[in-house]
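Since the structure comes first, as structure tokens, the remarks are kept for the end.
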Amino acid sequence: VSLVARHLEAAGIPTVIVGSARDIVEECGVPRFLFVDFPLGNPCGKPWNVEMQYKIVGGALELLERAWMPRTTVQRPETWAQGEADERWRERYMWVGDDNRAALAQAGEARRRVQGGRRRGNESEK
Amino acid sequence: MAKGISHRRYVSYIDKSREYYGASGYEQPYRWAHYEDVPFSPLTKPLPQCRMGIVTTADQAPRGAPRATRLFAAPNSEGRRLFTEKSWDHEATHTNDPETYLPLARLAEHVEAGHLGALSPRFYGVPTDYSQRLTLEQDAPRIEAWMCEDGVDIALLVPL
């Protein structure tokens, strides 16, 4: 969506992205980015937490109104974990370690066989 | 004051996915989009006079559906029937509450409170995929055209 935001912005439509993959969005370069430091999936607030969702969405409106230059990132203060105990999602996601290296290599191999078959069947998308 | 840390706290998904796909045997790392220049359009009128359009990366059709079905404009009433199988953290959370990635109700409350003029009658779906070319040449202009049809002044984009 970063590319779409850039396109809309260039066409005169001010944009704001609300997201949790900070490095990807900032690497692309977008006008306004509200960073919510959560696991991927709930950038607009925790499930069923209406109050938090309202505040985060309000933060996006505020950023639209108040940013005066591109590449403006604002980080929301909300945290996913209640304490230090459940910060493990940061490491766990897409984990690569000695415990799964062989399995990943094997799964990748199997996937490429399927993809190779599909490509021969005229499927162009990766 | 909270305890200090010795490493960057936020996750680098560029690093993670490179290592993950590298370990899976994909030798060529993905080249993430990178630009020096970033466009910028300031608001030309106050938010209470603006109509907002929302762009999501959630799908209207289940995984495996053709790419064309993943670029769409749909009435807001269909925002509760989206597919979200894509890359998010299935271990840490879930997407059972659509307001966490397509905040139509929360935005309607801001409209009600007078913070925002209105919502577009439709929201817009854009596929996340490897082809930056298709996103740039096909998807982005299509989303812009839909937004113009709907009189959208400002856009909120939410990648899952």
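Observations on the model:
- When restricted to residues that are aliphatic (A, V, I, L, M) and assigned to a helix (DSSP H, G or I), the range B:94-142 contains 8.
- Answer from B:Gly53, B:Gly79 - the residue that is at the interface with chain A (Cβ under 9 Å from one of its Cβ atoms), surrounded by 19 or more Cβ atoms within 10 Å (Cβ to Cβ) and within 16 Å of the chain's Cα centre (by Cα): B:Gly53
- Flag for B:Gly151 being in contact with a Pro (Cβ under 8 Å, 6 or more places away or on another chain), assigned to a loop (DSSP other than H, G, I, E, B) and more than 10 Å from chain A (Cβ to nearest Cβ): no
- Total residues in the range A:12-30, condition of a type outside the set (Lys, Arg) and out of contact with any Leu (no Cβ under 9 Å at 6 or more places or on another chain): 8
- Any hit, the range B:21-29, residues being touching a Ser or Thr at 6+ places or on another chain (Cβ under 6 Å) and at the interface with chain A (Cβ under 9 Å from one of its Cβ atoms): no
- Among the residues listed as A:Val25, A:Val96, A:Val18, the single one being under 22 Å from B:Cys50 (Cα atoms) and either of a type outside the set (Gly, Ala, Ser) or facing another protein chain (nearest Cβ under 7 Å) (or both): A:Val18
- Number of positions in the range B:111-137 that are exposed (fewer than 14 other Cβ atoms within 10 Å of the Cβ), within 11 Å of chain A (Cβ to nearest Cβ) and not charged (D, E, K, R): 2
Let's see how each residue does on (1) surrounded by 13 or more Cβ atoms within 10 Å (Cβ to Cβ); (2) farther than 26 Å from B:Tyr130 by Cα; (3) over 19 Å from the mean Cα position of the chain (by Cα); (4) at pLDDT below 90:
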residue: A:Ile17; (1), (2), (3), (4): yes, no, no, no
residue: A:Leu34; (1), (2), (3), (4): yes, no, no, no
residue: A:Trp48; (1), (2), (3), (4): no, yes, yes, no
residue: A:Arg76; (1), (2), (3), (4): yes, yes, no, no
residue: A:Glu84; (1), (2), (3), (4): no, yes, yes, yes
residue: A:Arg111; (1), (2), (3), (4): yes, no, yes, yes
residue: A:Val114; (1), (2), (3), (4): no, no, yes, yes
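- Selection from the range A:1-37 of residues that are of a type in the set (Phe, Trp, Tyr) and either assigned to a loop (DSSP other than H, G, I, E, B) or farther than 21 Å from B:Ser17 by Cα (or both): A:Phe33
- Residues of the range B:27-38 satisfying the condition of being surrounded by 15 or more Cβ atoms within 10 Å (Cβ to Cβ) and within 15 Å of B:Tyr130 (Cβ to Cβ): B:Trp32, B:Ala33
- Here is the figure for the range B:82-110: residues that are touching a residue at least 12 places away in the same chain (Cβ under 8 Å), within 7 Å of chain A (Cβ to nearest Cβ) and either over 30 Å from A:Arg88 (Cβ atoms) or among the aromatic types (Phe, Trp, Tyr) (or both) total 3.
The values are calculated or read from the model by the stated rules, or taken from the named source; none is laboratory data. Quick caveat: nothing in here was measured; it's all calculated off a predicted structure. Please note: Cβ atoms are built from the backbone with ideal geometry, for glycine as well, and neighbour counts cover all protein chains shown.
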